[in-house]
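A short write-up of the structure that comes next.
FYI, it's all coordinate maths here, none of it is from the lab. Everything numeric in this text was worked out from a predicted model, so none of it was measured.
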Amino acid sequence: MFQLRIIKTSIVFGLSALGAAFVTAATSTRAQELSYTAATRERTATTAAQRKVFVRSKALLVKASVVEDKLMKRSEFAEMGLVLTRDPIDADIILELRHDILTKYVYSAVDAHTQVVLAGGKVSSLGGTVAGKVAKRFLKQLAQGHP
């Protein structure tokens, strides 16, 4: 009889602990959803005036991440209200880099919605990094009044 009560008590205690775990998990999930919703609203509000740039590199020796790094290091990038995105569908501007001939690289920036070329040019890998030169010239062309 005594042993039966202990088993009943343990089962009741185990079930109540399990119920508390479910309540805690549900509360935690709800808190995460609210936090995510608030962060999404904040991000949408801050990026409404910003233009999103997607970098695509078709050059084997110059990766898109290197060009992104060089863009972020330039003060004009943030001053012009530009941000980077890894989603080409979400981008306002697509900056594409291609290898041309020997040490020459061609870059072009296209408005993702209208397909209008905003900036473009050719850089050489001699006397500096291609990514740095592309970042500098792209931002300079945008600052000079290109849309």
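Couple of notes before you dig in:
- Across the range 49-143, Cα pairs under 8 Å and at least six residues apart give a relative contact order of 29 percent.
- Distance cut-off 21 Å, percentage of C-alpha pairs in the range 62-147 lying past it: 24
- Only lysines eight or more places from K52 in sequence, or on another chain, were considered; those with a Cα closer than 26 Å are K63, K70, K73, K122, K133, K136, K140.
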